[in-house]
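One structure below.
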Amino acid sequence: MNRQSELIVLIISVVIAAILCWLEFRRTQKRFRLLRMTAAFAAVAALTLLAIPVSYTSLSLVEPEVVIVTTDGVQRDSLATFERFAGRDVSRYSANELWKLSSAAHYQVHVFGYGLSATELERISGTSSIVPHLTAPSGIVQIHWQQQLLQGQPLLVQGRYNNTGTTPVQLQLSGQHTLLDSCTIAAGTDTLFQLQALPVHKEKALYQLTTLSGKDTLSKEPVPVVVNSHTPLSVLILAAAPGFEYRFLTNWLTDNGYSIASRTAISKNKYQFSYANHRQVALEQLTPATLSQFDVVVTDAAALQTAAPAELTALREQIATRAMGMVVLADSSKLPAWLSTASLTVQQAGAVPQNLTLSVPGTGNAALPASLPLYITPSAALLPLYSDVQQHLRVAAGLYGAGHVVMSTLTNTYSWQLAGNQQTYAAVWSTLLQQAARPDFTAQQWFTAPALPVVHQPAVLYRNTTDSTIAPPLVNGHLVAPAQQQLLPFIWQGSYWPVHSGWQTIPAANSNTPWYAYLPEHWKMVRAMEKRAVTLERAYLQKNTSGTKKQPAIVNHKLPPVYAWILLLAACTFLWWEGKTRYTDRKKR
């Protein structure tokens, strides 16, 4: 009954009750007049209650309402089994229908499929509990690669594959119509994988990760990569003696646009100086003013041992306070004690092998003639860079104050140049210099979250800067208004909804920031695994908490009609008894 009908019934009831009360009041017999009027009113009220149900609210502890939410990947057999045991009154919603759930209600939500995203879980009230009945995604369920690379840096595609099938699958990394790397995932295994390549292009390129099962193609996923040019670094070389290692390094640095100043000891207190792409400076005595002109110092243990105490003090100060980097080639000379502060110490590796095989990502294993049986002592405070096939740490980076110190036991990398292995040489020395160099905080580079933004879904653009104000970025001709975070004021972020897949560009003053928007079918199982993890986390946090127990809630109750029937029966009984008594009294007279 709608509100209009209820109003009509209420008006009619009031009129009838008024007429009956007036008739009872006009009767000549005054006995039981008030009770007669009350009974007549009660009878009409009871009939009204039967026509218009009355409800009231109260604060009660209620059991959660059981609902079902289905997502992608739902197993229909499991869902049918649950519905058969749960009963027919269980409501079912899809992930797109969560808005129908009341934000103030208390639910027990049974989630089927891969799970819900963090945004979708926010639509479910905090007092509701999540009961997961999730399906494990199959395929590539985790993936990571560095989308912004420098020239010479390898592309490492690392991930996890869940092969639920009965046949092995092959993963192939290809670029520019060329197969670069591949691996095989055994049947019925959930394992990690790594594919690698060394990009030879500049700027943007789109690689592809293909999954094959025999002759069938299971998936093709895009792997966008941007290769940036090296930031021109100013390098100071301090050599204890002339040698092929420094000669080839100087030539390579010059060819790649680095500015170089070199000081090579030829005898006691006598040096040879050379410069390339750098103006001449006084290097006889190193001072803080001289060292401040350089980003990285490349030296060896013997040069540090013979350096003047004032020069060592100046070096340590520039590294610790000015974030100047240093690359140290460890040789037979004793290392300065202060390097142990950066957790950089060396050990003897025993007998000298004929060849040293180094694992270089992107180029595979690279052999070097063994020189000294030295390796770096492993430490949790170090960043491992290169190890040999025996897992001896050969190159590592450590922190010394605000700067980075890179130590290398590879003192004959020029052998790669002589053998024509230019890629390995460039990859190793590019890594050493970039790890030692101070970070560039002036670059106006934007980043995106999530890592795999999808078209028609919000992508968060953020940038780290110490500027008090920044210009709004322009993405595909649309302005994005960034906001400064209150807790982390050096982070500015804004939201943008990409409308087409592919490369997107944010123009900046000194460089453009390209990023990639994916189609919904790209990396589908990766996003499914993320949803599964978020859903399980929400369910775990609510385990044994108020989310699974009765909750106090304002409950709407309907007045049972039996009370109206009792009231009607009592009123009619009194009126019948009063009428019968009046008739008996009249008959006696």
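The values are calculated or read from the model by the stated rules, or taken from the named source; none is laboratory data. Note that this is a predicted model, so its numbers are computed, not measured. Cβ: placed from backbone, ideal geometry, glycine included. Neighbour counts: every protein chain shown. Ligands, DNA and RNA are stripped out before the accessible areas are found, and what is left, the full protein with its side chains, is counted by its heavy atoms. Shrake-Rupley method; radii C 1.70, N 1.55, O 1.52, S 1.80 Å.
Quick look at the values:
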item	result
Residues with amide H under 5 Å from that of Val66, placed H, sequence gap 5 or more	Gln108
Given charges at Cβ of Lys, Arg, Asp, Glu: the chain dipole, positive-most of Pro242, Gly398, Leu488	Leu488
Karplus (6.51, -1.76, 1.60) ³J(HN,Hα), θ = phi - 60°, over segment 557-567, in Hz, Gly and Pro reported as x	10, 9, 5, x, x, 4, 5, 5, 5, 5, 5
HN-Hα J in Hz across segment 241-257 - Karplus 6.51, -1.76, 1.60, θ = phi - 60°, x for Gly and Pro	6, x, x, 5, 4, 6, 5, 5, 5, 4, 4, 5, 5, 5, 5, 9, x
Rounded to the nearest 20 debye, dipole of segment 234-436 from Cβ charges on Lys, Arg, Asp, Glu	220
Å² per residue, accessible surface of the chain at 1.4 Å	54
Antiparallel DSSP beta bridges within segment 234-436, percent to nearest 5	60
Local electrostatic count, Thr409, Cβ distance below 14 Å [Lys/Arg +1, Asp/Glu -1]	-3
Cβ charges +1 (Lys, Arg) and -1 (Asp, Glu), total dipole of the chain, debye	4060
Heavy-atom accessible surface of segment 446-517: percent carbon and sulfur, 1.4 Å	59
Carbon + sulfur, % of accessible area of segment 234-436 - ligands and nucleic acids excluded, 1.4 Å	51
In Å², nearest 10: area of Arg322 left accessible to a 1.4 Å probe	150
Positive-end residue, the chain charge dipole about Cα centroid, Cβ charges, pick of Ser359, Gln151, Leu20	Leu20
Accessible surface of segment 115-227 [probe 1.4 Å, protein heavy atoms]: carbon and sulfur percent	47
With Cα atoms, 0 to 90° folded angle of helix 33-51 axis to the chain main axis	40
Formal net charge of residues neighbouring Val328 (Cβ-Cβ distance under 14 Å; K, R +1; D, E -1)	0
Probe 1.4 Å - accessible area at Ser78, Å² to nearest ten	50
Residues whose placed amide H lies under 5 Å from that of Arg438, excluding near-sequence neighbours	Gly325
Dipole-positive endmost among Ile140, Gln208, Ala186 within segment 120-232 (Cβ charges, Cα centre)	Gln208
Cross-link pairs Lys202/Lys334; Lys531/Lys558; Lys558/Lys580; Lys100/Lys531; Lys100/Lys543 - those with Cα-Cα distance over 31 Å	Lys202/Lys334; Lys531/Lys558; Lys558/Lys580
DSSP beta bridge pairing in the chain, given as percent antiparallel to the nearest 5	70
